[in-house]
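Undergrad: Encoded as structure tokens, here's the structure I'll be asking about.
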Amino acid sequence: VDLTDHYYIYDEQLFHLFKNCKLLEEAILFDCYGITNDGIASALRERPTLKSLCFSDMLDPATYVTSNFSDSLASLKSLTSLDLLSFNISNELLSSIAITGLPLRRLVLQDCMGYSYAGIFCLLSKCQHIQHLDLQNADFLKDQHVAELSTFLGDLLSINVSCCHKLTQSTLFALTRNCPSLSEIKIERIGSEIVEKFDSLIDFGVYPQLKSLYLARNLWLSDESIIMFASTFPNLQLLDLKSCKSISEEEWTLEFPNWRC
């Protein structure tokens, strides 16, 4: 069921929906202004077999999710996909998911706040079969953090670490080096400081698994880096370079005509 923008849905209606729909496996609740965290917590207890939950927080961003919500979420023993958008979560919430050992394959914490590296480390070290990970705007992340986390992500297919402003291009190479199945990386608008010259990465290796690379609004990119990508990622099919103002479009698009940009 997708209730996105259904502003007339309130906690009571959601409770009855979850209670009466015995085969319900997926619920999408974006921009449902009438639903509270405690309301969805009560509904979740009526449908413990839920496999996929997408929910955005419409409450005061300064308010953490309640323990009631955390307990209900951790009780979903079949949950494989969890999208939380714009939540003020805590390390305790992530730890409770980790301890429960939910079979997560997809985890989205886009624009969430309130948690730290300790919380996401705890979760990913326990849930090591994540295939799709979105940590957009996790501004505490540093290159060494991503390098450490990537060792738990052997099954990873796609990742989004856009708008993590403490990251540099080193994160891109750590991910491709440590995640053998990774085919899509979104690393838009990260830190502009270049800590490692590209010519020092000439022996970095070849990673044919990568198919899509989103690098929009990265001012540190240059023609040199794009040319290096061509040999490092030979099977790249999509390259997003929107608002990368240091790139000379004419030169590399002629040299690599098979890329879709």
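The values are calculated or read from the model by the stated rules, or taken from the named source; none is laboratory data. Just so you know, these numbers come straight off a predicted model, no measurement behind them. FYI the Cβ positions are ideal-geometry reconstructions off the backbone, even for glycines, and counts take in every protein chain you see. We work out accessible area using only protein heavy atoms, side chains counted, and drop any ligands, DNA or RNA first. Shrake-Rupley method; radii C 1.70, N 1.55, O 1.52, S 1.80 Å.
Undergrad: Residues THR4, THR36: which one is modelled with pLDDT under 90, under 23 Å from VAL108 (Cβ atoms) and either within 24 Å of the chain's Cα centre (by Cα) or hydrophobic (A, V, I, L, M, F, W, C) (or both)?
TA: Details: THR4 fails: modelled with pLDDT under 90.
Answer to the check: THR36.
Undergrad: Please go through the stretch 147-170 and pick out each residue that is in a helix (DSSP H, G or I), open to solvent by less than 40 Å² (accessible area, probe 1.4 Å) and modelled with pLDDT of 95 or more.
TA: ALA147, LEU149, SER150
Undergrad: Looking only at the stretch 175-188, filter to residues that are open to solvent by 10 Å² or more (accessible area, probe 1.4 Å) and either in a loop (DSSP other than H, G, I, E, B) or among the hydrophobic types (A, V, I, L, M, F, W, C) (or both); which one of those is farthest from GLY205 (Cα to Cα)? First the steps, then the outcome.
TA: Just the residues of the stretch 175-188 that are open to solvent by 10 Å² or more (accessible area, probe 1.4 Å), to begin with: 177-178, 180-181, 183-184, 186, 188.
Narrowing further to those that are either in a loop (DSSP other than H, G, I, E, B) or among the hydrophobic types (A, V, I, L, M, F, W, C) (or both): 180-181, 183, 188.
Numbers: PRO180: 13, SER181: 15, SER183: 16, GLU188: 23 Å.
My answer is GLU188.
Undergrad: Looking at the stretch 1-49 only, could you name the residues that are within 16 Å of LEU84 (Cβ to Cβ), assigned to a loop (DSSP other than H, G, I, E, B), open to solvent by less than 40 Å² (accessible area, probe 1.4 Å) and in contact with a helix residue (DSSP H, G or I) (Cβ under 7 Å, 6 or more places away or on another chain)?
TA: Across the stretch 1-49, the qualifying residue is only ILE35.
Every residue, every condition in (1) part of a helix (DSSP H, G or I); (2) open to solvent by 20 Å² or more (accessible area, probe 1.4 Å); (3) in contact with a His (Cβ under 9 Å, 6 or more places away or on another chain), yes or no:
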{"site": "ASP83", "(1), (2), (3)": "no, no, no"}
{"site": "LEU93", "(1), (2), (3)": "yes, no, no"}
{"site": "PRO103", "(1), (2), (3)": "no, yes, yes"}
{"site": "ILE120", "(1), (2), (3)": "yes, no, yes"}
{"site": "HIS145", "(1), (2), (3)": "yes, yes, no"}
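Undergrad: Being open to solvent by less than 20 Å² (accessible area, probe 1.4 Å) and over 11 Å from the mean Cα position of the chain (by Cα) is the requirement here; does ILE89 meet it? Before the answer, list the steps.
TA: Numbers: open to solvent by less than 20 Å² (accessible area, probe 1.4 Å): yes; over 11 Å from the mean Cα position of the chain (by Cα): yes.
So ILE89 fits the description; yes.
Undergrad: Just to be sure I understand, how many residues within the stretch 212-240 are at pLDDT 90 or above, part of a loop (DSSP other than H, G, I, E, B) and under 20 Å from GLN136 (Cα atoms)?
TA: 4
Undergrad: For the stretch 122-132, what are the residues that are crowded, with 18+ Cβ neighbours inside 10 Å and over 13 Å from the mean Cα position of the chain (by Cα)?
TA: CYS122, LEU123, CYS127 - these are the residues of the stretch 122-132 that are crowded, with 18+ Cβ neighbours inside 10 Å and over 13 Å from the mean Cα position of the chain (by Cα).
Undergrad: Among the residues of the stretch 109-118 satisfying the criterion of being in contact (Cβ under 8 Å) with a residue 40 or more places away in the chain and within 15 Å of the chain's Cα centre (by Cα), which is most open to solvent (accessible area, probe 1.4 Å)? Explain how you work it out, then say what you get.
TA: First pass over the stretch 109-118, keeping only residues in contact (Cβ under 8 Å) with a residue 40 or more places away in the chain: 110, 113-114.
If we keep only those that are within 15 Å of the chain's Cα centre (by Cα) too, we end up with 110, 113.
Details: GLN110: 46, MET113: 88 Å².
Looking at the filtered set, the residue picked out is MET113.
Undergrad: Among ILE120, ILE97, which is under 20 Å from SER86 (Cβ atoms) and at pLDDT below 95?
TA: Working: ILE120 fails: at pLDDT below 95.
Only one candidate qualifies: ILE97.
Undergrad: Looking at (1) among the β-branched types (Val, Ile, Thr); (2) at pLDDT below 95; (3) open to solvent by less than 40 Å² (accessible area, probe 1.4 Å), which is the one condition that is false for ILE202?
TA: (3)
Undergrad: Six or more apart or on different chains, Cβ under 6 Å: which pairs go from a residue in the stretch 5-26 that's β-branched (Val, Ile, Thr) to one that's surrounded by 17 or more Cβ atoms within 10 Å (Cβ to Cβ)? Could you list them?
TA: ILE9/LEU3; ILE9/CYS32
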